[in-house]
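Read through the structure below, which is laid out as structure tokens, and then see the notes.
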Amino acid sequence: MDNGGAALETLLQFRARTQGFSRESLPLDGEFVTSAGLRDKVDDQGEMLPFEGNTTVFLLDSGAGDRIRHIQKRLYEECGDMLAVPLIPESFHMTLHDLKSGRAGTVPDDEMQKCGKVALEILRKIRSKEREPIAMHMTWVFNMVNTSIVTGFEPAGEKECRRLMGMYKELQKAACLPYPFTPHVTAAYYKPGRYDLKTVERLAGVFRSLSAERFTLNLRMEDLVYQEFSDMNHYKIFPG
């Protein structure tokens, strides 16, 4: 990756990159251990810890929000013993590009405000040029880096893919991330710990069932916003 960010991906490249880890996201031959970094966000009792930062996201319309709430409900009904406190439904969103983040007190305020100012200006430019929503098709419910459970999405076509990847590349100017864009909506965080094979198989079964319930999410430009957060359940939207 160069300093300007990843090159624009075609839809086929995008699918090839995301399909493998989405379909086979859980270990099915042994225990499952949550990421060490999860403890920056969630304590051993499953309560959210102070974790600060800023980000750019698409808020969800009511229809998509209802579908993610349904996914969240099923996860907690069938696998709630391994999950942290539920995310507030009003906080559901699809991240376009994260900026700065870390445990409380570890992110210098001047750094966060500097990149936030750049990101806000980029969002204004995007909204001034882009009018039509971007259609995204749901792919799978999957395990994201042993930290959270997410619903994955992919652009509906090549045009949508290039528009979305172009936005991500522009926001690399605010904070250059070392990883490519993977569209998703987080439905739950794990409770830190180790989980045996039987528990993992139960979770995998829920993933398979929920992944059959495909739907389309429309990312509207008026819902593209800059946010700052104090933990994974509390976000503040800034005007602009």
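The values are calculated or read from the model by the stated rules, or taken from the named source; none is laboratory data. Predicted model only: the values in this text are computed from it and were never measured. Neighbour counts run over all protein chains shown; Cβ positions are idealised from the backbone, glycine included.
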Tally time: how many residues in segment 120-158 are under 29 Å from LEU83 (Cα atoms), among the β-branched types (Val, Ile, Thr) and in contact (Cβ under 8 Å) with a residue 40 or more places away in the chain?
-> 6
Consider only pairs whose beta carbons are under 6 Å apart and that are at least six residues apart or on different chains; among these, list those whose first residue lies in segment 227-240 and is of a type in the set (Asp, Glu) and whose second residue is surrounded by fewer than 17 Cβ atoms within 10 Å (Cβ to Cβ) and at pLDDT 95 or above.
-> GLU228/LYS236; ASP231/PRO50
Could you tell me whether segment 117-138 includes any residue that is under 25 Å from PHE207 (Cβ atoms), at pLDDT 95 or above and not hydrophobic (A, V, I, L, M, F, W, C)?
-> yes
Got a number for residues in segment 72-105 being farther than 21 Å from MET221 by Cα and at pLDDT 95 or above?
-> 21
Evaluation of THR106 against (1) more than 19 Å from the chain's Cα centre (by Cα); (2) over 21 Å from ARG162 (Cα atoms); (3) assigned to a helix (DSSP H, G or I) (one fails), failing number = (3)
Those residues of segment 194-237 which are of a type in the set (A, V, I, L, M, F, W, C) and within 25 Å of VAL42 (Cβ to Cβ), in sequence order | LEU197, VAL200, LEU203, ALA204, VAL206, PHE207, LEU210, VAL225, PHE229, MET232, ILE237
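Restricting attention to segment 163-188, which residues are assigned to a loop (DSSP other than H, G, I, E, B) and either within 12 Å of the chain's Cα centre (by Cα) or β-branched (Val, Ile, Thr) (or both)?
PHE181, THR182, PRO183
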Residue count for segment 165-194, restricted to those that are farther than 11 Å from HIS97 by Cα and among the aliphatic types (A, V, I, L, M) | 3
From GLY53, GLY46, GLY37, residue being at pLDDT 90 or above, under 28 Å from VAL107 (Cα atoms), in a loop (DSSP other than H, G, I, E, B) and of a type outside the set (Lys, Arg) | GLY46
Filter segment 77-110 down to the residues that are among the charged types (D, E, K, R) and over 26 Å from VAL33 (Cβ atoms), then identify the one that is surrounded by the fewest Cβ atoms within 10 Å (Cβ to Cβ).
-> ASP110
